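**Q** Here you go, one structure.
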Amino acid sequence: MTTTALTLSAGELLLRPWRADDLPALLAAHDDPAMRRWLATRFSGAEEARAWLEAQREGWASGRRFGFAVTDPGAEGALVGNVALKLTGSDPESAEAGYWTTAAARGRGVASLSLRALTDWAFTASAVSPGDGLRRIELFHRVDNDASCRVAEKSGYALAEVVPPCPPLHPLDGHRHVRHAGAVSAAGGRRAGSAGTAGGPATPRRCGDSAAPSR
């Protein structure tokens, strides 16, 4: 599949692969206390942000990770968030999702719109693993991230289990949400204002397992 030209629509928003010239907007997005609270990735400078952007490019090239910059064409293409899908090793039926939104965009439904668009794309016949049949996408967030919980449930990701803490990276319990192919997103409801979720493992996490990749 062609990856560099792929775009998705989510209401009035446009999802596209990350580009090198997104660096200033990416740095500005991460200069936010809420982002630093909820996400494992914390940029201390431009070089770390460039490395993150390169990791997004490599993910597309490998066909293992699909990261989208969420932009607002009505605001001159301003960056309003990120949403990503990661294949989970040897299980062709399973993937992980994660997202974040910029401070200025919260409360507008950006996260749920973007997550639903990503999910619908991922479950199409030829989106990720033609012939393999992606059947399940999972999403992980900290138990105290109530807004991310609402986003997950509005997007059709039902709560599957409470995952025990694993200090120091995971000091609190977590929620693992699952959406199966064919599930319907919840309509309406209160909009969430969460910065995002770092994503999580596609099988129950145990203390000592490697940390989930940040989005």
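**Q** Pairs please, first residue from segment 161-186 and more than 17 Å from Trp38 (Cα to Cα) and open to solvent by 60 Å² or more (accessible area, probe 1.4 Å), second anywhere and among the aromatic types (Phe, Trp, Tyr) and modelled with pLDDT of 75 or more, Cβ atoms under 8 Å, 6+ apart in sequence or on different chains.
**A** So the pair list comes out as Gly182/Phe123.
**Q** Can I ask one more? Within segment 71-84, identify whether any single residue is more than 14 Å from the chain's Cα centre (by Cα) and more than 26 Å from Ser9 (Cβ to Cβ), and answer yes or no. Explain how you work it out, then say what you get.
**A** Of all residues in segment 71-84, those more than 14 Å from the chain's Cα centre (by Cα) come to 71-79.
Of the ones still in play, those that are also more than 26 Å from Ser9 (Cβ to Cβ) are none.
No, that holds for no residue.
**Q** Surrounded by fewer than 15 Cβ atoms within 10 Å (Cβ to Cβ), closer than 19 Å to Val178 by Cα and at pLDDT below 95 - does that describe any residue in segment 145-153? Break it down stepwise before answering.
**A** If we filter segment 145-153 for residues that are surrounded by fewer than 15 Cβ atoms within 10 Å (Cβ to Cβ), which is where we start, we get 146.
Then keep just the ones that are closer than 19 Å to Val178 by Cα; that gives 146.
Filter again for at pLDDT below 95, leaving 146.
Yes, because at least one residue in segment 145-153 is surrounded by fewer than 15 Cβ atoms within 10 Å (Cβ to Cβ), closer than 19 Å to Val178 by Cα and at pLDDT below 95.
**Q** Ala192 - would you say it is open to solvent by less than 50 Å² (accessible area, probe 1.4 Å), at pLDDT 85 or above and out of contact with any Pro (no Cβ under 6 Å at 6 or more places or on another chain)?
**A** No.
**Q** Might you let me know whether segment 76-97 holds any residue that is open to solvent by 40 Å² or more (accessible area, probe 1.4 Å), assigned to a helix (DSSP H, G or I) and in contact (Cβ under 8 Å) with a residue 24 or more places away in the chain?
**A** no
**Q** Still on this structure, please answer the following. Please indicate, with yes or no, whether at least one residue in segment 87-98 is closer than 26 Å to Glu12 by Cβ and in contact with a Gly (Cβ under 8 Å, 6 or more places away or on another chain).
**A** Yes, that holds for at least one residue.
**Q** Any idea how many residues of segment 8-56 are in contact with a helix residue (DSSP H, G or I) (Cβ under 8 Å, 6 or more places away or on another chain), assigned to a helix (DSSP H, G or I) and either within 22 Å of His141 (Cβ to Cβ) or open to solvent by 30 Å² or more (accessible area, probe 1.4 Å) (or both)?
**A** 12
**Q** Would you check if Ala5 is open to solvent by 60 Å² or more (accessible area, probe 1.4 Å) and modelled with pLDDT under 95?
**A** The answer is yes for Ala5.
**Q** Any residue that is touching a Pro at 6+ places or on another chain (Cβ under 9 Å), within 21 Å of Phe123 (Cα to Cα) and not acidic (Asp, Glu) - is there at least one of those in segment 26-45?
**A** Looking through segment 26-45, none of the residues is touching a Pro at 6+ places or on another chain (Cβ under 9 Å), within 21 Å of Phe123 (Cα to Cα) and not acidic (Asp, Glu).
The values are calculated or read from the model by the stated rules, or taken from the named source; none is laboratory data. In this text, all values refer to a predicted model and were calculated from it rather than measured experimentally. Methodologically, a virtual Cβ is constructed for each residue, glycine included, from the backbone with ideal geometry; neighbour enumeration extends over all protein chains shown. Each accessible area value is taken on the protein alone, full model and side chains, heavy atoms only, with ligands, DNA and RNA left out. Shrake-Rupley method; radii C 1.70, N 1.55, O 1.52, S 1.80 Å.
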